[in-house]
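The values are calculated or read from the model by the stated rules, or taken from the named source; none is laboratory data. This one's a predicted model, so the numbers in the text were calculated from it and none came from an experiment. Heads up: the accessible areas ignore ligands, DNA and RNA and are worked out on the full protein's heavy atoms, side chains in. Shrake-Rupley method; radii C 1.70, N 1.55, O 1.52, S 1.80 Å.
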Amino acid sequence: MAKVTGCRLHIVHVACKEGVEEVMKAREEGVDVTCETCLHYLYFATEKLDDIGPVVKCSPPIREQKQQEALWEHVQAGDIRFVTSDHSPCTPDLKDTDAMHAWGGISGLQNDVDVLFDEAVQKRGMSFQRFAQIIASNPTDLYNLDQKGRISIGKDADFVLIQPQSPYTLKAEDLEYRNKISPYIGREIGAQVYQIILRGQTIYSKETGVAAEFPGEFIKK
Ligand SMILES: [Zn+2]
């Protein structure tokens, strides 16, 4: 459709290498198409799903280890433009059933940065520059969020300070979600978010937690 209409196209949640290859092929033909994947496709693999259960059910589904390795290569190469948290919350009862009937979706927002930093930079040697691109500058560039995405004069003073090499095990009570379920619970995460600054204002710190006053603003385009 993008080829016929000339419109810009961005494919979300690409979970297998065949998907990325289709996007790359279309790009070579001049179609303005990009794609992203989600952290859970880079972290979980089909081989372990029986041990984890319906909490990791999502759509498209988690793929095999082999696919995951191919996705990592495409992320490193820049073919997958960015890696998103994705967040599809549900009440615990919707996950507390068999895999066929359980809610399909993962609450991943809170652990996007720490898990991704651990997996990409600490475990796979991704450069800081590429990491900043896949979580900040590439998505903001694609959506023309001019005030966001990089540290530069005139941009919003948004920062995430990461404490590297500081493993912790995620507990349900650590989650700020209303429904405290996540496939990352019980996993050791090798880095921590130390502080978050939004437009110059600290909205989270490891010592004091989430600020009571949240100065979030809708970005109008
Ligand atoms: Zn989603």
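Calculate one ³J(HN,Hα) per residue across region 103-119 by plugging θ = phi - 60° into the Karplus curve 6.51 cos²θ - 1.76 cosθ + 1.60, and present them in order as whole Hz with x for glycine and proline.
4, x, x, 10, 8, x, 4, 5, 10, 4, 6, 5, 5, 5, 4, 4, 6
Return the long-range amide H neighbours of ILE62 (sequence gap of 5 or more, or a different chain), with a cut-off of under 5 Å between placed amide H atoms.
Under 5 Å from the amide H of ILE62 lies no amide H from a residue far enough along the sequence or on another chain.
Accessible area per residue, 1.4 Å probe, Å², for the chain: what's the number?
57 Å²
Just tell me which aspartates and glutamates come within less than 18 Å, Cα to Cα, of LYS57; anything on the same chain fewer than 8 places away is out.
In chain and number order, the partners are GLU47, ASP86, ASP93, ASP96, ASP98, ASP112.
Taking θ = phi - 60°, what integer Hz values does the Karplus form 6.51 cos²θ - 1.76 cosθ + 1.60 yield along region 58-74, in sequence order, with x for Gly and Pro?
Couplings: 7, 9, x, x, 4, 10, 5, 3, 4, 5, 4, 4, 5, 4, 4, 4, 5 Hz.
For a quick check: with amide H placed at 1.01 Å from N, whose amide H comes under 5 Å from HIS10's, ignoring anything fewer than 5 positions away on the same chain?
Here THR34 satisfy the definition.
Each residue of region 162-171 in order: what ³J(HN,Hα) in whole Hz does its phi give by Karplus 6.51 cos²θ - 1.76 cosθ + 1.60, θ = phi - 60°, with x for Gly and Pro?
Those phi angles translate into 10, 9, x, 6, 9, x, 8, 9, 5, 10 Hz.
Divide by every residue of the chain the summed helix terms, -39500 (n - 2.57) for each DSSP H run of at least 4, and state the resulting mean residue ellipticity at 222 nm, rounded to the nearest 500 deg cm²/dmol.
It lands at -6000 deg cm²/dmol.
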